[in-house]
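S.K.: What follows is a structure written as structure tokens; I'll ask about it next.
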Amino acid sequence: MRNTSLKLAAIAALSIVAAAAIAQTSSGTKWFVPKTAATPAAAPAPVAAPAQQQAAAETTQVGLPPLPAPPQVAPGASPPAAVIGVFDLNGVIRSSTAYLAVQNEMRTREARLNADAQKAQTEWAELKQNLVDQQKTLTADQFAARNAQITDRIAKDEANFKARDQRIQDAATYADDQIEQELNTIVGQVAQSHGMNIVLFQTAVVLNVREFDISAQVAQELNQVLPSVLVPPDGADVTAFARAHEAPPAGK
């Protein structure tokens, strides 16, 4: 079962300024200490052939043309003081009722697809075995024709399963995109309510105090505003479904 993972890396472009100064360090880091045993001497570097040496000696170093000097930059206004917030993306997603419902639905659909595929594989095996059992009673042309029919049946079934699998993934993406967009807005609003102008993913922070963390408030807002999302019916054309439920353009 593949996870219907959100494409929420795009949330790094938050409506407020988002920064990612990542310093990955863990308390359980194991450092590699080289052994003191003598290292075998390195093999001598291959000597270039005389022709190669001559070609290298004849190589001419070419300089660059004159480049324009950049103008002096006029002094500008200093940015405001950084007010930083921290956001646990994975924790918020795990507590999202909409996301959990989407995951459960996609698991159900994929389990149904896998069951149908296994059933079809059993049928294919039976068809092949029946053809082998009847081979002695069939002419070469008859055997070839029936074998072609089985091959065509398998190809069509496989194409159908592949299309169904793609529709499941498309439906998951459509649902996840709704959560991503809403979460992007909520993070910006919560941060703004605290006067924050920078929000970092928690995984990018080595140490912080609880007052910086807005994850709980974001999770609460997300579940209140978006307790569920629209999910296309199983087997539906996701593009057509999305167009039928598309929000009207702003101002209309």
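Please treat every number below as a calculation from the coordinates, not as lab data. Keep in mind the model is a prediction, meaning the values are calculated, not measured. Here the Cβ positions follow ideal geometry from the backbone for every residue, glycine too, while neighbour counts run over all protein chains shown.
S.K.: Compute the length gained on full extension between ALA250 and GLN149: take 0.36 nm times their separation in residues and subtract their Cα-Cα distance, giving the result in nm to one decimal.
M.R.: 31.0 nm
S.K.: By how many nm would the segment from VAL62 to GLU126 lengthen if fully extended, with 0.36 nm per residue of separation less the alpha-carbon distance?
M.R.: The span from VAL62 to GLU126 would gain 15.8 nm if fully extended.
S.K.: So if I restrict to the alpha-carbon atoms in region 130-252, what is the Rg, and what is Dmax, the biggest pairwise distance, in Å?
M.R.: Rg then Dmax for region 130-252, in Å: 26.6, 84.
S.K.: If we sort 90-96, 219-225 on the protection proxy, mean other Cβ atoms within 10 Å, highest first, what's the order? Walk me through the intermediate numbers first.
M.R.: Numbers: 90-96: 18.3, 219-225: 16.6.
The packing order, highest mean first, is 90-96, 219-225.
S.K.: With each pseudo-label sitting 7 Å past Cα toward Cβ, what's the ASP237-VAL225 distance in nm, one decimal?
M.R.: Once both label points are built, they end up 3.3 nm from each other.
S.K.: Taking θ as phi - 60°, what are the ³J(HN,Hα) couplings along region 121-136 by the Karplus curve (6.51, -1.76, 1.60), each to the nearest whole Hz, with x for Gly and Pro?
M.R.: So the J values, rounded to whole Hz, are 4, 5, 5, 4, 4, 5, 4, 5, 5, 4, 5, 5, 5, 8, 4, 5.
S.K.: Can you figure out the FRET efficiency of ASP116 with ALA81, using R₀ = 51 Å and their beta-carbon distance, to the nearest 0.05? Mind showing how you got there, number by number?
M.R.: Numbers: r = 60 Å, r/R0 = 1.17.
With R0 = 51 Å, the Cβ-Cβ based efficiency is 0.30.
S.K.: Treating only the Cβ atoms of Lys and Arg (+1) and Asp and Glu (-1) as charged, compute the dipole magnitude of region 155-252 about its Cα centre; round to the nearest 20 debye.
M.R.: Roughly 140 debye for region 155-252.
S.K.: Which ³J(HN,Hα) values in Hz, rounded to whole numbers, follow from the phi angles of region 160-171 under the Karplus curve 6.51 cos²θ - 1.76 cosθ + 1.60, where θ = phi - 60° and Gly and Pro get x?
M.R.: Computed from phi, the couplings for region 160-171 are 5, 5, 5, 5, 5, 4, 5, 5, 5, 5, 5, 5 Hz.
S.K.: With each label point set 7 Å from Cα along the Cα-Cβ vector, what nm distance links PHE161 and GLN135?
M.R.: Result for the modelled spin labels: 2.4 nm.
S.K.: Using all C-alpha to C-alpha distances in region 61-109, build P(r) with 10 Å bins and read off the rounded percent in each one.
M.R.: Going out from 0 Å in 10 Å bins, region 61-109 shows 16, 17, 14, 13, 16, 17, 7 percent.
S.K.: Got a sec? How would LYS162, LYS136 order by Cβ neighbour count within 10 Å, fewest to most? Mind showing how you got there, number by number?
M.R.: Numbers: LYS162 10, LYS136 7.
Least crowded to most crowded, the residues run LYS136, LYS162.
S.K.: Separate question: Amide H neighbours of VAL86 under 5 Å, at least 5 residues apart or on other chains, H built in the peptide plane: list them.
M.R.: Sorted by chain and number, the residues that satisfy this are LEU200, ASP213, ILE214.
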